[in-house]
Amino acid sequence: MQNIDINTTQNVVITYEVAKWIDRVFAFLIDALIMGGGFIIAMIGSSLIIGNATSWFFYLIAAPIFLFYTLVCEIRMNGQTFGKRSLNLQVVKVNGKEAKVMDYFLRWIFRLIDIYLSLGTVASIFISTSKKGQRLGDLISETSVIRIKPSKSMVFQDIASNYEIIDYQPQYASVRQFSEKDMLLIHNVYLRTKKYHNKAHDKVLHDLVIRIQQKINLSDQEIPQNKLEFLRTLIKDYTILTR
C-alpha cells in the first residue's frame, strides 16, 4: 500500500492512500459503461426525434460524450468521475493546492498517450513505477489519484504494539473514558507533529491537549510541558488499561 503526504495550504500534512492501479482500471470501466449507456440513450432519443441520422448523431452527440466525459466530470465534480466516486477515488494536487481547470485539462489530453494509443500500457508502467502512483498525465499536471477512504480501516490494536509498556505504571487512569477512535486521533496527531514540526501542527497539538484536559478533568499542573510526551503517555496508559 502506497501513501502520499500532502501539505495543505494551512501547512498541515495529511496522509492519503494512493489509488491502486486495479482500482483506477475499475473506475475506468464503470465510466465506460456509463458512456456506453449514454450512447444508447442518445441514439434511441435521436432516432425517435430526427429519424435515421447516424452521422449527425455521431458528430453532435456520441463524439462529445466520448471525448469530454472525463474532463467535464473532473472539473464539475472536484476531481472525480462517476466511476471514481463509486470507488472513493479523487484527483488531487500533490503540492496541496486546489486543482484548476488546466490541471484537469492536462490529465485529460494525455489520456490519448496514457490509455488510448497505448491501450493502457503507458499508464500502467508509470503508475506501477511512480512513488505517487502517477501516470504521465499526472506527472505533467502534478496530480495524483488518491483514495478518500482507506482500503483498510486501522484499529487501535494495529498501533498499540509500537509503544513499550513492559514494567510500566499508568499515570492517567481516566484515559479509559476515551474510545479507540479517540486514541487513533491522538496517535495520528502525535505522529504528524513529531514528523512535521511547524506552527500549524503545534496549534493542532495545543488544541487537542486542551480538549483532552477538559474531557478527563486534568488540572494545568497535571499537564507536562512536553505535549508530545503527554500524548505518548496517554496512548501507553490506554494500551495497558484496556487490553
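Angle between the Cα long axis of helix 227-242 and the longest principal axis of the chain, 0 to 90 degrees, nearest 10?
90 degrees
Any idea of the accessible area per residue across the chain, 1.4 Å probe, to the nearest Å²?
With all protein chains present, the chain gives 60 Å² per residue.
Using a 1.4 angstrom probe on the protein heavy atoms only, could you order ILE22, ILE44 from most to least accessible area?
Descending order: ILE44, ILE22.
Taking a 1.4 Å probe, which of TYR16, TYR168 shows the most accessible area, and what order do the others take after it?
Descending accessible area places them as TYR16, TYR168.
So what does MET35 come to for accessible area, using a 1.4 Å probe and Å² rounded to 10?
For MET35, the solvent-accessible surface is approximately 20 Å².
Expressed as a whole percentage, what fraction of the accessible surface of the chain belongs to carbon and sulfur atoms when a 1.4 Å probe is rolled over the protein heavy atoms?
61 percent
From the phi angles alone, apply the Karplus equation (6.51, -1.76, 1.60; θ = phi - 60°) to the range 136-148 and give each ³J(HN,Hα) in whole Hz, x where the residue is Gly or Pro.
4, x, 5, 4, 5, 8, 6, 10, 8, 9, 10, 8, 5
Please go through the residue pairs LYS20/LYS100; LYS93/LYS195; LYS132/LYS215; LYS84/LYS181 and name each one whose alpha carbons sit more than 29 Å apart in this structure.
LYS132/LYS215
Report, by chain and number, residues whose modeled amide H sits under 5 Å from the one on ALA99, excluding near sequence neighbours (fewer than 5 apart, same chain).
Placed amide hydrogens put LYS93 under 5 Å from ALA99.
Once fully extended, how much extra length lies between PHE26 and ASP220, figured as 0.36 nm per residue of separation less the alpha-carbon to alpha-carbon distance?
Fully extending the segment from PHE26 to ASP220 adds 64.5 nm.
At a probe size of 1.4 Å, how large is the accessible area of GLU98, to the nearest 10 Å²?
Roughly 130 Å² of GLU98 is accessible to a 1.4 Å probe.
Convert each backbone phi in the range 97-102 into a coupling constant with the Karplus relation 6.51 cos²θ - 1.76 cosθ + 1.60 (shift: θ = phi - 60°), then list the ³J(HN,Hα) values in order as whole Hz, x for Gly and Pro.
7, 7, 5, 9, 4, 4
Give me the angle, in degrees from 0 to 90, between the Cα long axis of helix 199-215 and the longest principal axis of the Cα atoms of the chain, rounded to the nearest 10.
Tilt relative to the chain: about 60 degrees.
Which one of ALA123, ALA42, ALA27 has the biggest mean-square fluctuation once the chain is modelled by GNM with Cα springs under 10 Å?
The residue with the greatest mean-square fluctuation here is ALA42.
Quick one: net charge of ALA123's neighbours, Cβ under 10 Å, K/R +1, D/E -1?
Here the count lands on +1.
Quick check for me: using +1 on Lys/Arg Cβ and -1 on Asp/Glu Cβ, what's the dipole size of the chain about its Cα centre, in debye to the nearest 20?
Dipole about the Cα centre, nearest 20: 200 debye.
If you add up the charges near ILE140, with Lys and Arg at +1 and Asp and Glu at -1, over every other residue whose beta carbon is less than 12 angstrom from its beta carbon, what do you get?
-1
Taking the 0 to 90 degree range and rounding to the nearest ten, how far is the long axis of helix 180-195 tilted relative to the main principal axis of the chain, both from C-alpha atoms?
90 degrees
With every protein chain kept in the model, how would you rank HIS206, HIS201 by accessible area, 1.4 Å probe, largest at the top?
Ranked from most to least accessible, the order is HIS206, HIS201.
Kindly provide the pair-distance distribution of the chain built from C-alpha pairs, with 5 Å bins from 0 and whole-percent values in order of increasing distance.
1, 6, 11, 13, 13, 10, 9, 9, 8, 6, 5, 3, 3, 2, 1, 1, 0
Quick one: accessible surface of LYS215, probe radius 1.4 Å, all protein chains present, in square angstrom to the nearest 10.
LYS215 has an accessible surface of roughly 90 Å² with all protein chains in place.
Compute the signed sum of charges (Lys and Arg +1, Asp and Glu -1) over the other residues within less than 11 Å, Cβ to Cβ, of GLY96.
Summing Lys and Arg as +1 and Asp and Glu as -1 gives -1.
Pick from THR70, THR129, THR81: which is most flexible by mean-square fluctuation in a GNM of the chain where alpha carbon atoms under 10 Å apart are linked?
Residue with maximal mean-square fluctuation among THR70, THR129, THR81: THR129.
State the extension gain, in nm to one decimal, for the chain segment bounded by VAL12 and LYS93, taking 0.36 nm per residue of separation less the distance between their alpha-carbons.
27.7 nm
The values are calculated or read from the model by the stated rules, or taken from the named source; none is laboratory data. Just so we're clear, the structure is a prediction, and the values are computed from it rather than from any experiment. Note that we place each Cβ from the backbone using ideal geometry, even for glycine, and neighbour counts take in every protein chain shown. Surface areas here come from the heavy atoms of the whole protein model, side chains and all, with no ligands, DNA or RNA. Shrake-Rupley method; radii C 1.70, N 1.55, O 1.52, S 1.80 Å.
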